[in-house]
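Asker: Pasting in a structure now, in structure tokens, and then I'll have a few things to ask.
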Amino acid sequence: MVDVITTGALIATPRGQSGVSVDLQMTYLAAAKLGDTVQLDAEVIRSGKSLAFTKASLYRKPEMTLIATGLHTK
């Protein structure tokens, strides 16, 4: 999920390029159970000539508990 949502964030930038994954790190903070609704937010931290750095946050709704974060380099 993090790969897909951070790639979408990169495509939405003016350059509009997705790139190739170089690194993907995940930190799991809490569980999501079957049937839970999960919200994913992504942001581009920095985008250079050859690499882009992105971050994703996953929240369990409706209480918006942070359940995981991901750092993705493309």
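Asker: Under 5 Å between amide hydrogens, which residues at least 5 positions from Ile45 or on another chain qualify, with H placed 1.01 Å from N in the peptide plane?
Answerer: Placed amide hydrogens put Phe53, Thr54, Lys55 under 5 Å from Ile45.
Asker: With +1 on each Lys and Arg Cβ and -1 on each Asp and Glu Cβ, how big is the dipole of the chain about its Cα centre, in debye rounded to the nearest 20?
Answerer: 180
Asker: For the stretch 56-67, in order, what is each residue's ³J(HN,Hα) by Karplus, 6.51 cos²θ - 1.76 cosθ + 1.60 with θ = phi - 60°, in whole Hz (x at glycine and Pro)?
Answerer: In residue order, the calculated couplings are 10, 10, 10, 10, 8, 8, x, 7, 6, 6, 5, 10 Hz.
Asker: Give me Rg over Rh for the stretch 2-73, both radii from the alpha carbons and Rh done the Kirkwood way, two decimal places.
Answerer: Radius of gyration over Kirkwood radius for the stretch 2-73 works out to 1.02.
Asker: What ³J(HN,Hα) values, in whole Hz, does the Karplus curve 6.51 cos²θ - 1.76 cosθ + 1.60 give for the stretch 3-8 when θ = phi - 60°, with x put for Gly and Pro?
Answerer: 4, 5, 6, 6, 5, x
Asker: So, one more: Roughly how many nanometres apart are two label points built 7 Å out from the Cα toward the Cβ at Arg46 and Ala32?
Answerer: For the pair Arg46/Ala32, the computed spacing is 2.9 nm.
Asker: Report, ordered by chain and residue number, the lysines lying within cross-link reach of Lys74, taken as a straight Cα distance under 29 Å and ignoring same-chain residues fewer than 8 apart.
Answerer: Correct list for Lys74: Lys49, Lys55, Lys61.
Asker: In percent, how large is the relative contact order of the stretch 2-73, given Cα pairs closer than 8 Å and 6 or more residues apart?
Answerer: Computed value for the stretch 2-73: 36 percent relative contact order.
The numbers here are math on the coordinates, done by the rules we state, and not lab data. Keep in mind that what you see is a predicted model, and the values were worked out from it rather than measured. Every residue, glycine as well, gets a Cβ built from its backbone with ideal geometry; the counts of neighbours run over all protein chains shown.
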